[in-house]
Amino acid sequence: MFVYDTGKTLRKKIMASIADISLSAAINLLSALAFLVAFAVLRLQPFNDRVYFPKWYLKGIRGSPTGSTAVKKFVNLDFRTYIRFLNWMPAALHMPEPELIDHAGLDSAVFIRIYLLG
């Protein structure tokens with residue numbers, strides 16, 4: 001394919017190479033992984049309970065963070081929870097829709113439905 005550049009000369013349009021496409025894919029995968037890890041780490045911190053679990057907070061299932069020190073109120077120091085940070089995903093995918101709506105909200109149920117239908 002040929003295109004005109006600003007100088008009105010005819011030049012061949014260069015398509016993206018395999019290296020360009022694989023670099024773009026690598027950048028996208030790494031950024032997606034970074035956002036997943038950031039979500040998981042922030043989700044496990046006690047001070048984010050009101051953000052990530054608002055229904056549980058309102059129902060009294062989860063309360064304000066309490067700890068013996070000021071650090072434990074804001075940072076989760078139990079490193080075993082960081083190893084199991086994705087255990088909620090299979091349970092959410094197999095949860096019945098009414099229970100998912102009650103547990104996580106309508107927006108989560110719609111997102112899971114769209115994800116499962118592809």
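The values are calculated or read from the model by the stated rules, or taken from the named source; none is laboratory data. Remember, predicted model here, so these are calculated numbers, not experimental data. For neighbour counting, all protein chains shown are included, and Cβ atoms are generated from backbone atoms with ideal geometry for every residue, glycine included.
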Inset, instruction - From the list Phe47, Phe111, Phe35, pick out the single residue that is modelled with pLDDT of 85 or more, surrounded by 13 or more Cβ atoms within 10 Å (Cβ to Cβ), assigned to a helix (DSSP H, G or I) and aromatic (Phe, Trp, Tyr). - result: Phe111
Inset, instruction - Residues being farther than 16 Å from Phe53 by Cα and either assigned to a loop (DSSP other than H, G, I, E, B) or among the basic types (Lys, Arg) (or both): count how many of those fall in the stretch 88-108. - result: 2
Legend entry - Cross-chain or 6+ apart pairs with Cβ under 8 Å, the stretch 26-41 first and closer than 22 Å to Thr81 by Cβ, then of a type outside the set (A, V, I, L, M) and assigned to a helix (DSSP H, G or I): Ala40/Tyr82; Val41/Tyr82
